[in-house]
Amino acid sequence: MLDDLKARDKSKESEVHDDPIFKTSSELDRVLVDYIQPQSDNSRYLPVTFAQKSDDESIAALDNCVVCEKGILENRLSKDNPRYDAVNLEIEEIKNLAETLKHSELVHPISVWRKNMTDYPIVAGHRRFYAIRFLYGGLIKVKVKIYAEKPRNLSVLRHIENFSRSDLTPPDALNSYAKAVRELESLEGAKMQTERLSLVTSYLGISRTSYFRYD
(Lines give C-alpha, C1' and ligand atoms only; values in the text may rest on other atoms or scores of the structure.)
Protein backbone atom coordinates (compact mmCIF):
# COMPACT_ATOMS: atom_id res chain seq x y z
CA MET A 1 0.00 0.00 0.00
CA LEU A 2 2.77 2.43 0.98
CA ASP A 3 4.69 1.64 -2.21
CA ASP A 4 1.56 2.35 -4.26
CA LEU A 5 1.17 5.76 -2.58
CA LYS A 6 4.83 6.62 -3.19
CA ALA A 7 4.51 5.65 -6.83
CA ARG A 8 1.35 7.76 -7.19
CA ASP A 9 3.00 10.80 -5.60
CA LYS A 10 6.09 10.42 -7.76
CA SER A 11 3.93 10.40 -10.88
CA LYS A 12 2.63 13.85 -9.88
CA GLU A 13 6.06 15.46 -9.64
CA SER A 14 6.40 18.44 -11.94
CA GLU A 15 9.26 18.28 -14.40
CA VAL A 16 8.89 22.03 -14.91
CA HIS A 17 9.19 23.16 -11.31
CA ASP A 18 12.20 20.93 -10.69
CA ASP A 19 14.01 23.11 -13.23
CA PRO A 20 17.09 24.95 -11.87
CA ILE A 21 15.66 28.39 -12.70
CA PHE A 22 13.38 27.95 -9.69
CA LYS A 23 16.25 27.01 -7.38
CA THR A 24 17.79 30.42 -6.61
CA SER A 25 18.66 30.05 -2.92
CA SER A 26 16.76 32.25 -0.47
CA GLU A 27 16.42 32.83 3.25
CA LEU A 28 14.30 34.79 5.70
CA ASP A 29 16.11 37.56 7.53
CA ARG A 30 15.62 41.10 8.80
CA VAL A 31 16.76 44.08 6.72
CA LEU A 32 16.67 47.81 7.40
CA VAL A 33 13.77 49.37 5.48
CA ASP A 34 16.11 52.09 4.16
CA TYR A 35 18.11 49.37 2.38
CA ILE A 36 15.09 48.04 0.46
CA GLN A 37 14.78 49.55 -3.02
CA PRO A 38 11.57 49.83 -5.12
CA GLN A 39 12.02 48.93 -8.80
CA SER A 40 10.71 51.23 -11.53
CA ASP A 41 9.99 48.35 -13.95
CA ASN A 42 7.48 46.78 -11.53
CA SER A 43 3.78 47.52 -12.06
CA ARG A 44 3.44 48.38 -8.34
CA TYR A 45 6.17 51.02 -8.49
CA LEU A 46 5.35 54.56 -7.38
CA PRO A 47 7.60 57.51 -8.35
CA VAL A 48 8.76 57.92 -4.76
CA THR A 49 11.55 60.24 -3.65
CA PHE A 50 12.91 59.59 -0.17
CA ALA A 51 14.10 62.52 1.94
CA GLN A 52 17.85 62.62 2.58
CA LYS A 53 17.08 63.76 6.11
CA SER A 54 14.03 63.06 8.24
CA ASP A 55 13.50 66.67 9.32
CA ASP A 56 10.32 68.49 8.32
CA GLU A 57 12.14 70.99 6.09
CA SER A 58 13.77 68.28 3.94
CA ILE A 59 10.48 66.42 3.54
CA ALA A 60 8.56 69.61 2.71
CA ALA A 61 11.07 70.41 -0.06
CA LEU A 62 10.25 67.22 -2.00
CA ASP A 63 8.27 68.03 -5.14
CA ASN A 64 6.81 66.37 -8.25
CA CYS A 65 7.02 62.91 -6.71
CA VAL A 66 5.31 60.64 -4.21
CA VAL A 67 6.51 61.20 -0.66
CA CYS A 68 6.66 58.13 1.56
CA GLU A 69 8.07 58.76 5.01
CA LYS A 70 6.90 57.88 8.51
CA GLY A 71 3.34 59.19 8.83
CA ILE A 72 3.43 60.81 5.36
CA LEU A 73 2.22 59.29 2.10
CA GLU A 74 1.40 62.08 -0.34
CA ASN A 75 0.97 62.46 -4.07
CA ARG A 76 2.95 65.56 -5.03
CA LEU A 77 2.99 64.82 -8.74
CA SER A 78 1.74 67.50 -11.09
CA LYS A 79 -1.96 67.10 -11.80
CA ASP A 80 -0.99 67.02 -15.48
CA ASN A 81 0.94 63.80 -14.87
CA PRO A 82 -0.90 60.92 -16.62
CA ARG A 83 -0.45 58.74 -13.52
CA TYR A 84 -1.81 61.32 -11.08
CA ASP A 85 -5.27 59.78 -10.54
CA ALA A 86 -3.96 56.20 -10.55
CA VAL A 87 -1.35 57.12 -7.93
CA ASN A 88 -4.07 58.59 -5.70
CA LEU A 89 -5.98 55.31 -5.86
CA GLU A 90 -2.81 53.32 -5.13
CA ILE A 91 -2.01 55.52 -2.13
CA GLU A 92 -5.49 54.90 -0.74
CA GLU A 93 -4.96 51.13 -1.06
CA ILE A 94 -1.55 51.37 0.63
CA LYS A 95 -3.00 53.34 3.54
CA ASN A 96 -5.72 50.70 3.94
CA LEU A 97 -3.03 48.01 4.00
CA ALA A 98 -1.05 50.02 6.57
CA GLU A 99 -4.12 50.20 8.79
CA THR A 100 -4.38 46.42 8.63
CA LEU A 101 -0.69 45.98 9.44
CA LYS A 102 -1.13 48.03 12.62
CA HIS A 103 -3.14 45.16 14.06
CA SER A 104 -1.57 42.08 12.48
CA GLU A 105 1.81 40.80 11.37
CA LEU A 106 3.01 40.76 7.79
CA VAL A 107 1.87 37.32 6.63
CA HIS A 108 3.72 37.37 3.31
CA PRO A 109 7.22 38.88 3.64
CA ILE A 110 8.54 41.24 1.00
CA SER A 111 10.82 39.41 -1.45
CA VAL A 112 14.16 41.03 -2.32
CA TRP A 113 17.52 40.01 -3.76
CA ARG A 114 20.87 40.96 -2.24
CA LYS A 115 22.77 43.30 -4.57
CA ASN A 116 25.09 44.22 -1.72
CA MET A 117 24.76 44.57 2.05
CA THR A 118 22.98 47.95 1.80
CA ASP A 119 21.01 47.48 -1.43
CA TYR A 120 18.11 45.03 -1.67
CA PRO A 121 16.00 45.51 -4.84
CA ILE A 122 12.39 44.39 -4.44
CA VAL A 123 11.31 41.27 -6.31
CA ALA A 124 7.72 41.35 -5.04
CA GLY A 125 5.92 43.32 -2.34
CA HIS A 126 6.03 46.99 -3.30
CA ARG A 127 2.72 47.84 -1.60
CA ARG A 128 3.82 46.08 1.58
CA PHE A 129 7.08 48.05 1.49
CA TYR A 130 5.34 51.42 1.09
CA ALA A 131 2.85 50.56 3.86
CA ILE A 132 5.63 49.61 6.29
CA ARG A 133 7.66 52.72 5.48
CA PHE A 134 4.55 54.87 5.92
CA LEU A 135 3.91 53.29 9.33
CA TYR A 136 7.42 53.11 10.76
CA GLY A 137 9.86 55.00 8.54
CA GLY A 138 13.13 53.66 7.18
CA LEU A 139 15.10 53.05 10.36
CA ILE A 140 13.53 49.77 11.45
CA LYS A 141 14.27 46.22 10.38
CA VAL A 142 11.60 44.11 8.73
CA LYS A 143 11.55 40.40 7.95
CA VAL A 144 12.04 39.76 4.23
CA LYS A 145 12.66 36.83 1.91
CA ILE A 146 16.16 37.36 0.51
CA TYR A 147 17.36 35.76 -2.71
CA ALA A 148 21.13 35.33 -2.70
CA GLU A 149 21.32 36.75 -6.22
CA LYS A 150 19.03 38.27 -8.81
CA PRO A 151 16.55 35.50 -9.73
CA ARG A 152 16.85 34.34 -13.32
CA ASN A 153 13.06 34.09 -13.40
CA LEU A 154 12.42 37.59 -12.01
CA SER A 155 9.62 38.47 -14.46
CA VAL A 156 7.95 35.11 -13.83
CA LEU A 157 7.98 35.71 -10.06
CA ARG A 158 6.53 39.20 -10.51
CA HIS A 159 3.85 37.92 -12.85
CA ILE A 160 2.76 35.24 -10.37
CA GLU A 161 2.66 37.89 -7.62
CA ASN A 162 0.68 40.47 -9.60
CA PHE A 163 -1.51 38.56 -12.06
CA SER A 164 -4.27 37.72 -9.58
CA ARG A 165 -4.68 41.34 -8.44
CA SER A 166 -8.24 42.56 -8.93
CA ASP A 167 -7.03 46.08 -9.81
CA LEU A 168 -4.60 44.99 -12.53
CA THR A 169 -5.71 46.68 -15.74
CA PRO A 170 -5.86 44.63 -18.99
CA PRO A 171 -2.86 46.50 -20.48
CA ASP A 172 -0.83 45.88 -17.29
CA ALA A 173 -1.86 42.21 -17.27
CA LEU A 174 -0.82 41.83 -20.90
CA ASN A 175 2.48 43.60 -20.26
CA SER A 176 3.19 41.40 -17.23
CA TYR A 177 2.40 38.27 -19.24
CA ALA A 178 4.57 39.36 -22.18
CA LYS A 179 7.60 40.05 -19.96
CA ALA A 180 7.25 36.69 -18.23
CA VAL A 181 6.95 34.80 -21.53
CA ARG A 182 9.96 36.60 -23.04
CA GLU A 183 11.94 35.58 -19.98
CA LEU A 184 10.83 31.95 -20.38
CA GLU A 185 11.84 32.05 -24.05
CA SER A 186 15.36 33.15 -23.11
CA LEU A 187 15.60 30.54 -20.34
CA GLU A 188 14.00 27.56 -22.06
CA GLY A 189 15.13 28.19 -25.63
CA ALA A 190 14.00 25.55 -28.12
CA LYS A 191 11.64 23.87 -25.65
CA MET A 192 9.35 26.90 -25.94
CA GLN A 193 8.87 26.07 -29.62
CA THR A 194 7.57 22.56 -28.97
CA GLU A 195 6.14 22.75 -25.43
CA ARG A 196 5.01 26.37 -25.21
CA LEU A 197 1.51 25.75 -23.86
CA SER A 198 2.54 23.35 -21.09
CA LEU A 199 5.58 25.41 -20.06
CA VAL A 200 3.74 28.74 -19.91
CA THR A 201 0.69 27.44 -18.05
CA SER A 202 2.84 25.50 -15.59
CA TYR A 203 5.42 28.20 -14.87
CA LEU A 204 2.91 31.04 -14.63
CA GLY A 205 0.17 29.06 -12.91
CA ILE A 206 -2.50 30.10 -15.41
CA SER A 207 -5.30 28.18 -17.11
CA ARG A 208 -5.36 27.22 -20.78
CA THR A 209 -8.13 29.80 -21.21
CA SER A 210 -5.89 32.57 -19.88
CA TYR A 211 -3.06 31.33 -22.08
CA PHE A 212 -5.14 31.62 -25.24
CA ARG A 213 -6.46 35.02 -24.11
CA TYR A 214 -3.01 36.56 -23.70
CA ASP A 215 -0.69 34.63 -25.99
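When you scan segment 171-191, do you find a residue that is farther than 30 Å from Leu32 by Cα, among the polar types (S, T, N, Q) and either modelled with pLDDT under 80 or in contact with a Leu (Cβ under 9 Å, 6 or more places away or on another chain) (or both), even just one? Checked segment 171-191: at least one residue is farther than 30 Å from Leu32 by Cα, among the polar types (S, T, N, Q) and either modelled with pLDDT under 80 or in contact with a Leu (Cβ under 9 Å, 6 or more places away or on another chain) (or both).
Could you say whether any residue in segment 103-124 is in contact with a Cys (Cβ under 8 Å, 6 or more places away or on another chain) and in the same structural domain as Val67 (by TED's automatic domain parsing)? Spell out the reasoning first.
Taking segment 103-124 and keeping what is in contact with a Cys (Cβ under 8 Å, 6 or more places away or on another chain), we get none.
No, because not a single residue in segment 103-124 is in contact with a Cys (Cβ under 8 Å, 6 or more places away or on another chain) and in the same structural domain as Val67 (by TED's automatic domain parsing).
Scanning segment 1-56 for residues that are more than 17 Å from the chain's Cα centre (by Cα), closer than 30 Å to Lys191 by Cβ and either modelled with pLDDT of 55 or more or part of a loop (DSSP other than H, G, I, E, B) (or both) yields Lys12, Glu13, Ser14, Glu15, Val16, His17, Asp18, Asp19, Lys23, Ser25.
Residues in segment 63-86: is at least one closer than 17 Å to Gly125 by Cα, free of Cβ contacts under 8 Å to residues at least 60 places away in the same chain and not small (Gly, Ala, Ser)? Checked segment 63-86: no residue is closer than 17 Å to Gly125 by Cα, free of Cβ contacts under 8 Å to residues at least 60 places away in the same chain and not small (Gly, Ala, Ser). Selection of segment 194-215 for residues being in a helix (DSSP H, G or I) and either closer than 23 Å to Leu154 by Cβ or within 21 Å of the chain's Cα centre (by Cα) (or both) yields Arg196, Leu197, Ser198, Leu199, Val200, Thr201, Ser202, Tyr203, Leu204, Ser210, Tyr211, Tyr214. Kindly indicate whether Ser111 is small (Gly, Ala, Ser) and surrounded by fewer than 19 Cβ atoms within 10 Å (Cβ to Cβ). So Ser111 fails the test.
Is it the case that some residue within segment 130-146 is part of a helix (DSSP H, G or I), farther than 15 Å from Tyr203 by Cβ and without any contact (Cβ under 8 Å) to a residue 12 or more places away in the chain? Before the answer, list the steps.
Let us first name the residues in segment 130-146 that are part of a helix (DSSP H, G or I), namely 130-136.
Retained after the next criterion (residues that are farther than 15 Å from Tyr203 by Cβ): 130-136.
Restricting the remaining residues to those that are without any contact (Cβ under 8 Å) to a residue 12 or more places away in the chain gives none.
Within segment 130-146 (the criterion being part of a helix (DSSP H, G or I), farther than 15 Å from Tyr203 by Cβ and without any contact (Cβ under 8 Å) to a residue 12 or more places away in the chain), the answer is no, since none of the residues qualifies.
Within segment 90-98, not a single residue is surrounded by fewer than 15 Cβ atoms within 10 Å (Cβ to Cβ), under 27 Å from Val200 (Cα atoms) and in the same structural domain as Lys141 (by TED's automatic domain parsing). Within segment 62-77, the set of residues being surrounded by 11 or more Cβ atoms within 10 Å (Cβ to Cβ) and in a loop (DSSP other than H, G, I, E, B) comprises Leu62, Cys65, Lys70, Arg76, Leu77.
Which residues, taken from segment 114-129, are crowded, with 20+ Cβ neighbours inside 10 Å and either among the aromatic types (Phe, Trp, Tyr) or assigned to a helix (DSSP H, G or I) (or both)? Passing the criteria: Tyr120, His126, Arg128, Phe129.
Residue under question is His159, and the condition is that it be within 15 Å of the chain's Cα centre (by Cα) and without any contact (Cβ under 8 Å) to a residue 60 or more places away in the chain; does it hold? So His159 fits the description; yes.
The residue pairs whose first member lies in segment 41-62 and is closer than 17 Å to Arg127 by Cβ and not assigned by TED's automatic domain parsing to the domain that holds His159, whose second member is among the acidic types (Asp, Glu) and surrounded by fewer than 17 Cβ atoms within 10 Å (Cβ to Cβ), and whose beta carbons are closer than 7 Å, counting only pairs six or more residues apart or on different chains, are Ser43/Asp172.
Residue count for segment 169-208, restricted to those that are under 25 Å from Leu89 (Cβ atoms), surrounded by fewer than 16 Cβ atoms within 10 Å (Cβ to Cβ) and either in contact with a Ser or Thr (Cβ under 8 Å, 6 or more places away or on another chain) or in contact (Cβ under 8 Å) with a residue 40 or more places away in the chain (or both): 3.
The values are calculated or read from the model by the stated rules, or taken from the named source; none is laboratory data. The structure presented is a predicted model; accordingly, all values stated were derived computationally and were not measured. Neighbour counts run over all protein chains shown; Cβ positions are idealised from the backbone, glycine included.
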